[in-house]
Each structure stands twice: as C-alpha cells, then as structure tokens.
Amino acid sequence: MKKNFCFIPIFVLAGIFSCNDTSDPIEEPIQTGDPVETLPPNTSYKPAFEGQTRIGSVKTQTQLKIEVIASNIGRPWAIVNMPNGNLLVTEKSGYMQIFSETGTFLSKVDGFPVVDDGGQGGMLDVALDPAFESNRMLYWSFSEPYGNGNLTSVAKGRLSADEQSIEGSTVIYRAEPSYNGSLHYGSRLAFDDTGNLYVSTGERSDLATRPQAQQLDAALGKIIRITTNGQPVASNPFISEANANPEIYSYGHRNPQGLAFHPVTKQLWEAEFGAKGGDEINFIEAGKNYGWPVITYGLEYSGEEIGEGITQKEGMEQPVYYWDPSVSPSGIDFYTGTAIPEWQHNLFLGALSGQHIIRLVIENNRVKGEERLLADKNERFRDVLGQHPNQSLYAVTDSGKIYRISKN
C-alpha cells in the first residue's frame, strides 16, 4: 500500500510523535451475537483457526420485503439475470424459462441436448457470455448421457431472437471419465473479467470415483478453466505437466455447487458439500489442492471416519469456513447493491438441507459474521442471485418457487 509521509519541523511540540495517515478509513468492528448454529456437531474435530466455524451471528437491520413472485415452475436449478433485468432459470428436465423481474412468465426455451435428469442430474447451471448483448450466446452445464454412464458437460448456443429456442448447440467440454451414477455433478459456471469460463465438477460420490478428486489425469472433483471454445487457458497451472488434464485449475473438491467472483477483489469463491458435516467455503487459487477425500471436517454418512480421519495436511488448503452439522450449500453469489447497505459485498448461499439462505460477512478472506434468512419458509434454496440491477436478492427453491427479497 502506498504510504503518505509527513514532514514535521523539529520545533513542533514534543507531545506530537506522528502524523495521521487518513488515506484508509478506520473500520468499525463487526458486532456479533451467539452463533446461529445451536445443534451439536457430528465430530470432535477442532478448527484450524479461530472463526473457521460457528462464527458469531449478525442481523440485518434494514426492513425487508419478502415475496414469492413465481411458483409451480418445475425443478429450477439456477437463476441469472439478463441485461434487460429478466430472469433466466434452468429446469432440470432439460429446458430453461424466462421470467420478468417481477415474476411474470415470458417464455420457455427449448432445443437443448438430451440430459440425464435422474438423481441429482439434469439441466444444471447457466451463464451468459460476457458479450451476450451482441452475440446472444449462452453456456450451460448438464449431466450428459455418455459412454457407459454420464458426466458433467458444458455446452454453448445462441438464444433465438424470440427467446424460445437455442440455436447451434455445441458441447464444448466433458468432465471425463463418465460414470454410471446419479450423484455429485458439481456443475456451477462463472466467467472472469478476461472472458475465461470456470466450471466446477463433482467426484461422483461413490468410493470408486472419490479418489479421482486427487488425480490430475481425471476431471472429477475439480475446478476447470477453459476458453469459450472449451480449450484449456494457456496459463492454467498444469498445462505443461505430463499426464495432467490441462483444463484443471484446482483439485481436491467433493461436490462444488457454488462459484462466484468477489465484485471488488475478483477472487474466485467456492462452496461445496461435505459428507456428514464438513460443508466448505473456499477461495480458489490456481494449482491448489483443497484436500478431499484426504482431509475433511465431516464423517461418512454411517458415522465412520473418512480416510485417516484427519483435517489438516501439508500441501492441502484449509477451508475459509465450514459447517458441522451440514447445511448443504448450493448456489452462491455476492450482493452488489446499496439498497440494503449492510449487505454490500456479503456472500449469500442457498442452503438445501439447512432450508434457509445464508448471509456471510467477509473481510480479508475471513468470515466475520453469519445470518440465516427465510428459515421459517421450510424451503430448500437451490440458487441465489445477488447482482440484479434492481438491487433485489433472488432465490429459487426445489419446490419450484422464485423468491425476491428487497428493501421494504
């Protein structure tokens, strides 16, 4: 940081020892209450540092207006906003729908490749090309029937002028190997400021595939970075390593269903499911190993330890934050508006088994406060949208609703 130097004459009063640098405002400490989690943890594991789990609670002071603006919309998985403010929502069966920002249904978008929508699969995430207003290109992830099973794939195509079909659909990336299963596709998408696409992939859950999260010759349990044509980015960390997939950006992930770039720092943040406990928030750096299944703060669903039952190992990254018991974090997004001032640049997560929306206050890559929103709605929140131009926060639920949260 550039410093301001003050030159003080030698005849100044002896009581003055320094001059004030007013270039950086003094931040008020965050006032927190008791942690929002009151249930006992599944494990006796200790966090690696203070504030890694069960941080103190915060509470939104702005009066909120909470609306269900659409219902019975099927099985939504992702929600993004279009340049005109309309909402584009994926449906697991294999299509998308467009709604106005107030929830009016506008059109159904068809013409996509066949999806395998069994279990956790189907039409999953969607991202607009950074130049969407001129090229109308969409990118989406889906579970594709392939080989002897299925896999996480990414395709692109042009949204038609009438917004009812996709044109020129092309698969640009497949997270091989395929596997005959129905779980842990991961499958979030995020563009960086240079136009490269990040893709999260799951390790497909089963003991047979789980170790591949640590293997650089497999695309399971990874964050992938590709161009809009599906090619590895030239600066990817393993592009010159023999027998490594050149698309890999980071590895050691379980089932990452949340990806979002911080609006100020441009750092990539990720949320992934643990097993029985051990849900994680990470900030993602090139070439780093995030530990699964070698280290974890969770247990097998049977209650047995996972692997050696360790939470730390040299060369493996610690989560910024974790939950035990699980909340099942899915889609994530940062709030960029000013209408609800205490929310600005906070990270929001949809919680499935937790049945609420999580608000995390983050400073200097550490979680400083946590809040649970809409916990009285008994909904599995699948995805959240925090960067809409009207400054509302949107969410979609497994029950087929679109929620809109705004300043009252």
Study note, to complete from the structure: In terms of the alpha carbon gyration tensor, root eigenvalues a ≥ b ≥ c, rounded if a/c is under 1.5 and otherwise prolate when a/b exceeds b/c or oblate, the range 157-201 is oblate
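Relative contact order, percent, of the chain when contacts are C-alpha pairs under 8 Å separated by at least 6 residues? Mind showing how you got there, number by number?
Values: 1107 pairs, mean separation 61.2, N = 408.
Relative contact order of the chain: 15 percent.
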Study note, to complete from the structure: Taking a label point 7 Å from the Cα of Phe132 along Cα-to-Cβ, the residues of the range 393-408 whose backbone nitrogen sits under 20 Å from it are 393-397, 401-405
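From the C-alpha coordinates alone, can you work out the Kirkwood hydrodynamic radius of the range 140-238, in Å?
Working: mean 1/r = 0.0703 Å⁻¹.
Here the Kirkwood hydrodynamic radius works out to 14.2 Å.
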Review point. Measuring from centroid to centroid over Cα atoms, what is the spacing of the range 64-95 and the range 319-371 in Å?
Key: 20
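Based on the Kirkwood radius over alpha-carbon pairs, what value in µm²/s does the Stokes-Einstein equation return for the translational diffusion coefficient of the range 21-143 at 20 °C and 1.002 mPa s?
D, rounded to a whole number, is 114 µm²/s.
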Review point. Can you work out ³J(HN,Hα) from phi for every residue in the range 96-105, in order, using Karplus 6.51 cos²θ - 1.76 cosθ + 1.60 and θ = phi - 60°, giving whole Hz and x for Gly and Pro?
Key: 10, 9, 10, 10, 6, 5, 9, x, 6, 5
Study note, to complete from the structure: When the charge dipole of the chain is computed with +1 on Lys and Arg Cβ and -1 on Asp and Glu Cβ about the Cα centre, the Cα farthest towards its positive end, among Ile248, Phe238, Leu39, belongs to Leu39
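Give me the extension gain from Ala339 to Ile30: residue separation times 0.36 nm, minus the current Cα-Cα distance, reported in nm with one decimal.
Working: separation 309, 0.36 × 309 = 111.24 nm, distance 1.97 nm.
Taking 0.36 nm per residue and subtracting the Cα distance, the gain is 109.3 nm.
Could you tell me which GluC sites (Glu not before Pro) in the range 77-164 are loop residues by DSSP with no more than 13 other beta carbons within 10 angstrom of their beta carbon? Before the final figure, lay out each step's value.
Values: sites: Glu91, Glu101, Glu133, Glu163; in loops: Glu101, Glu163.
In loop regions of the range 77-164 (DSSP not H, G, I, E or B), there are no sparsely surrounded GluC sites (Glu not before Pro).
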Exercise for review: Measure off 7 Å from each Cα along the Cα-to-Cβ vector at Val114 and Ser302, then give the distance between these two points in nanometres to one decimal.
Suggested key: 3.6
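Given C-alpha coordinates of the chain, what is the ratio Rg to Rh with the Kirkwood estimate of Rh? Mind showing how you got there, number by number?
Details: Rg = 22.1 Å, Rh = 22.1 Å.
Result: Rg/Rh = 1.00.
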Point to revise | Distant alpha-carbon pairs in the range 62-209 (separation over 17 angstrom), percent | key: 61
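Given a Förster distance of 30 Å, report the FRET efficiency between Gln63 and Gln267 from their Cβ-Cβ distance, rounded to the nearest 0.05.
Details: r = 31 Å, r/R0 = 1.05.
E between Gln63 and Gln267, to the nearest 0.05, is 0.45.
Filter Lys156/Lys222; Lys108/Lys401; Lys59/Lys407; Lys92/Lys401 down to the pairs with a C-alpha to C-alpha distance above 18 Å, please.
Working: Lys156/Lys222 20 Å; Lys108/Lys401 16 Å; Lys59/Lys407 15 Å; Lys92/Lys401 14 Å.
Flagged as over cut-off: Lys156/Lys222.
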Revision key, fill the gap. With every protein chain kept in place and a 1.4 Å probe, the chain has an accessible area per residue in Å² of 44
Point to revise | Dipole magnitude (debye, nearest 20) for the range 212-329, charges at Cβ of Lys, Arg, Asp, Glu | key: 420
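Please report, in debye to the nearest 20, how large the charge dipole of the chain is about its Cα centre when each Lys and Arg carries +1 at its beta carbon and each Asp and Glu carries -1 there. Present the calculation step by step, with values, prior to reporting the outcome.
Numbers: 33 positive and 49 negative charges, 94 e Å.
Taking the Cα centre of the chain as origin, the dipole is about 460 debye.
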**Study point:** Rounded to whole Hz, the Karplus (6.51, -1.76, 1.60) HN-Hα couplings of the range 351-359, x for glycine and proline
**Key:** 9, 7, 5, x, 6, 6, 9, 9, 10
Review point. How large is ³J(HN,Hα), in whole Hz, for each residue of the range 48-64 in order, when computed from phi with the Karplus curve 6.51 cos²θ - 1.76 cosθ + 1.60 and θ = phi - 60°, using x for Gly and Pro?
Key: 6, 7, 5, x, 6, 8, 6, 5, x, 8, 10, 9, 5, 8, 5, 6, 9
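If you roll a 1.4 Å probe over the chain with all protein chains in place, what percent of the accessible area is carbon or sulfur?
Numbers: 8430 of 17850 Å².
Solvent-exposed carbon and sulfur of the chain make up 47 percent of the total.
Ranking request for peptides 82-89, 45-52, 117-124: highest mean number of other beta-carbon atoms within 10 Å first, then the rest in descending order.
Values: 82-89: 16.8, 45-52: 13.9, 117-124: 20.1.
So the peptides 82-89, 45-52, 117-124, ranked by packing, come out 117-124, 82-89, 45-52.
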Point to revise | Inter-label distance, nm, simple model (7 Å from Cα along the C-beta direction), Ala48/Gln387 | key: 2.7
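Which value in Å is the Kirkwood Rh of the range 120-165 over different Cα pairs?
On the way: mean 1/r = 0.0854 Å⁻¹.
So the Kirkwood estimate lands at 11.7 Å.
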Exercise for review: Could you tell me which of rounded, prolate or oblate describes the range 237-391, using a ≥ b ≥ c as the square roots of the eigenvalues of the alpha-carbon gyration tensor, with rounded for a/c under 1.5 and, failing that, prolate when a/b is larger than b/c and oblate otherwise?
Suggested key: oblate
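The values are calculated or read from the model by the stated rules, or taken from the named source; none is laboratory data. None of these values were measured; they are calculated from a predicted model. Methodologically, a virtual Cβ is constructed for each residue, glycine included, from the backbone with ideal geometry; neighbour enumeration extends over all protein chains shown. Side chains are part of the model used for accessible areas, which takes the heavy atoms of the whole protein and leaves out ligands, DNA and RNA. Shrake-Rupley method; radii C 1.70, N 1.55, O 1.52, S 1.80 Å.
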